[in-house]
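What follows is one structure encoded as structure tokens, with my remarks underneath.
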Amino acid sequence: QVQLVESGGGLVQPGGSLRLSCVSSGLIFRLYAMGWYRQAPGKQRELVASIASDGSTTYAASVKGRFTISRDNTKSSVDLQMNSLKPEDTAVYYCNANWVGFEQWGQGTQVTVSS
């Protein structure tokens, strides 16, 4: 059974930092492209950052320079380091695994940026 479990969300003040982690089980992790998505209330889910099996990364324009995605194939995990957080980063953040069209989602973790 494939599982993705996110952790690390919470409440942070504007300008602060959080680190999200996603640990997977039940899949050959090194084969998968991994991504972090987010969904704010009333908005569509959007891609925040992704990292391919070869380690290449992509970022949404809104987070480039502030967020960093990384993966550890030995731990079957992918992290999202979020710095200089803004109120507009408030959302539920989801971990995604994708390989040749097979997708798996985590349950999501809430990130709230507020003073």
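The values are calculated or read from the model by the stated rules, or taken from the named source; none is laboratory data. Since this is a predicted model, take the numbers as computed values, not measurements. Positions of Cβ are backbone-derived with ideal geometry, glycine not excepted, and every protein chain shown enters the neighbour counts. Quick note on the areas: whole protein, heavy atoms, side chains included, nothing else; ligands and nucleic acids left out. Shrake-Rupley method; radii C 1.70, N 1.55, O 1.52, S 1.80 Å.
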Practice problem: May I ask you to derive the relative contact order of the chain, considering only C-alpha pairs under 8 Å and at least 6 residues apart, and to give it as an integer percent? | Solution: 36
Quiz item: Which shape class, rounded, prolate or oblate, goes with the stretch 25-74 when its Cα gyration tensor gives a ≥ b ≥ c as root eigenvalues, a/c under 1.5 marks rounded, and past that a/b bigger than b/c marks prolate?
Solution: oblate
Quiz item: With Cβ to Cβ distances under 12 Å as the rule, what net charge do the other residues near CYS22 carry (K, R +1; D, E -1)?
Solution: 0
Self-check item: Cα→Cβ-extended label distance, 7 Å offset, between ALA61 and GLN110, nm
Solution: 3.1
Quiz prompt | Å² per residue, accessible surface of the stretch 26-109 at 1.4 Å | solution = 52
Self-check item: Label-point separation in nm, LEU11 to ALA52, each point 7 Å along Cα→Cβ
Solution: 4.1
Quiz item: For the chain, what % of the accessible area comes from carbon and sulfur atoms, probe 1.4 Å?
Solution: 49
Quiz item: Dipole of the chain (Lys/Arg Cβ +1, Asp/Glu Cβ -1, origin at the Cα centre): which of ASN96, GLY26, GLN110 lies farthest to the positive side?
Solution: GLN110
Quiz item: In sequence order, what are the phi-derived ³J(HN,Hα) couplings for the stretch 35-40 according to the Karplus relation 6.51 cos²θ - 1.76 cosθ + 1.60 with θ = phi - 60°, rounded to whole Hz, with x for glycine and proline?
Solution: x, 10, 10, 9, 9, 8
